[in-house]
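Engineer: Have a look at this one.
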Amino acid sequence: MASLTLPALPARYKPASIWLLYIVGLMPGLYAFYLGIFGGLGADPVRAFEHLLGLWALRFLCLGLVITPLRDLFGINLIGYRRALGLIAFYYVLAHFTVYLTLDRGLILSSIAGDILKRPYIMLGMAGLLMLIPLALTSNQASIRRLGPSWNRLHKLVYPVLIVAVLHYVLSLKVISAEPAFYLAVATVLLGYRLVRPKIMARRRAKRATARS
Ligand code: HEM
């Protein structure tokens with residue numbers, strides 16, 4: 001596969017670019033909050049806000065999972081931004097969950113419990129949130145050092161997270177329109193790539209070894 005070499009950002013700008021990513025990434029949520037307060041989210045602002053936060057969570061989950069294929073297949077190395085993308089996704093899920101608990105369900109435990117039992121897609125969302133917690137808590141250098149190879153194994157949890165997140169989205173709808181179909185397709189490609197990746201990498205290693213000898 002052809003490899004594209006992009007001009008690399010000088011190392012001294014890297015931390016600033018990561019902070020910029022956090023700011024830009026969280027902007028849609030803050031803007032939606034602003035719109036909600038000033039009546040710009042339509043007739044059902046709570047629902048609209050909840051949906052927007054869920055969608056941004058899913059978008060950032062997918063963006064985090066695009067980094068590896070981009071590097072493998074096109075030589076575009078954005079690995080330094082993966083942690084920020086994952087954490088932004090987590091913050092959106094937390095915000096989405098908080099809106100659900102407070103504005104949607106009014107913190108009424110019986111209503112939340114009833115909802116979880118009545119609507120299985122809520123359970124899938126909960127599973128996604130619960131799996132994201134250890135990932136967010138260990139997304140730092142100290143945990144990477146402490147956990148060693150187990151860190152990689154633990155962070156593979158992001159694949160089931162994407163599966164339950166997409167199912168949660170699709171099952172929350174009565175009809176599947178273009179948007180959920182798009183995310184279903186994106187998730188299938190991203191996860192499908194992980195299945196064929198070992199073969200692609202092995203073939204590439206073999207080619208490199210032959211070239212060297
Ligand atoms: C990985 C975690 C999660 C992701 C990525 C996610 C994403 C989404 C998405 C994309 C939607 C649909 C938005 C739309 O229709 O435009 C949605 C809807 C929803 N989610 Fe989540 N979600 C997650 C976790 C949760 C959790 C933990 C809860 C609550 C316990 C929850 C409650 C809801 C509710 C109530 C809706 C609206 C369904 C309706 O229209 O009635 N989600 N979520």
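The values are calculated or read from the model by the stated rules, or taken from the named source; none is laboratory data. Everything numeric here is computed off the predicted structure, so don't read it as measured data. Neighbour counts are summed over all protein chains in view; Cβ atoms, including those assigned to glycine, are modelled from backbone coordinates with ideal geometry.
Engineer: Please specify each residue of segment 49-89 satisfying the condition of being closer than 19 Å to Q141 by Cβ, part of a helix (DSSP H, G or I) and of a type outside the set (V, I, T).
Structural biologist: From segment 49-89, those closer than 19 Å to Q141 by Cβ are 64, 67, 77-88; that's our starting set.
Subset that is part of a helix (DSSP H, G or I): 64, 67, 79-88.
Matches in segment 49-89: G64, G80, Y81, R82, R83, A84, L85, G86, L87.
Engineer: Determine, yes or no, whether I144 is within 11 Å of the ligand (Cβ to nearest atom) and in contact with a helix residue (DSSP H, G or I) (Cβ under 9 Å, 6 or more places away or on another chain). Explain how you work it out, then say what you get.
Structural biologist: On the way: within 11 Å of the ligand (Cβ to nearest atom): no; in contact with a helix residue (DSSP H, G or I) (Cβ under 9 Å, 6 or more places away or on another chain): yes.
For I144, the condition - within 11 Å of the ligand (Cβ to nearest atom) and in contact with a helix residue (DSSP H, G or I) (Cβ under 9 Å, 6 or more places away or on another chain) - is not met.
Engineer: Do the conditions hold for T138, that is, is it surrounded by fewer than 16 Cβ atoms within 10 Å (Cβ to Cβ) and among the polar types (S, T, N, Q)?
Structural biologist: No.
Engineer: Mind counting the residues in segment 96-110 that are more than 8 Å from the ligand (Cβ to nearest atom) and within 20 Å of A48 (Cα to Cα)? Before the answer, list the steps.
Structural biologist: Keep residues of segment 96-110 that are more than 8 Å from the ligand (Cβ to nearest atom), which gives 98-99, 102-103, 105-110.
Checking the rest, the ones that are also within 20 Å of A48 (Cα to Cα) come to 98-99, 102-103, 105-107.
Residues that pass the stated criteria total 7.
Engineer: Within segment 164-213, which residues are assigned to a helix (DSSP H, G or I) and polar (S, T, N, Q)? Explain how you work it out, then say what you get.
Structural biologist: Filtering segment 164-213 for residues assigned to a helix (DSSP H, G or I) gives 164-171, 178-212.
Once the filter is applied, which keeps residues that are assigned to a helix (DSSP H, G or I) and polar (S, T, N, Q), segment 164-213 yields T188, T210.
Engineer: Another question about this same structure. From (1) more than 19 Å from G128 (Cα to Cα); (2) at pLDDT 95 or above, pick out the condition that doesn't hold for G75.
Structural biologist: (2)
Engineer: Can you pull out every residue in segment 56-85 that is touching a residue at least 24 places away in the same chain (Cβ under 8 Å), more than 20 Å from L30 (Cα to Cα), surrounded by 15 or more Cβ atoms within 10 Å (Cβ to Cβ) and more than 13 Å from the ligand (Cβ to nearest atom)?
Structural biologist: V66, T68, P69, D72, L73, I76, G80, Y81, R83
Engineer: Counting only residues that are touching a helix residue (DSSP H, G or I) at 6+ places or on another chain (Cβ under 7 Å) and assigned to a loop (DSSP other than H, G, I, E, B), which one in segment 25-48 is surrounded by the most Cβ atoms within 10 Å (Cβ to Cβ)?
Structural biologist: Here the residue is L41.
Engineer: Checking the condition surrounded by fewer than 15 Cβ atoms within 10 Å (Cβ to Cβ), within 18 Å of the chain's Cα centre (by Cα) and within 13 Å of the ligand (Cβ to nearest atom), which residue from I133, I88 passes?
Structural biologist: Numbers: I88 fails: surrounded by fewer than 15 Cβ atoms within 10 Å (Cβ to Cβ).
None of the other options fit; the residue is I133.
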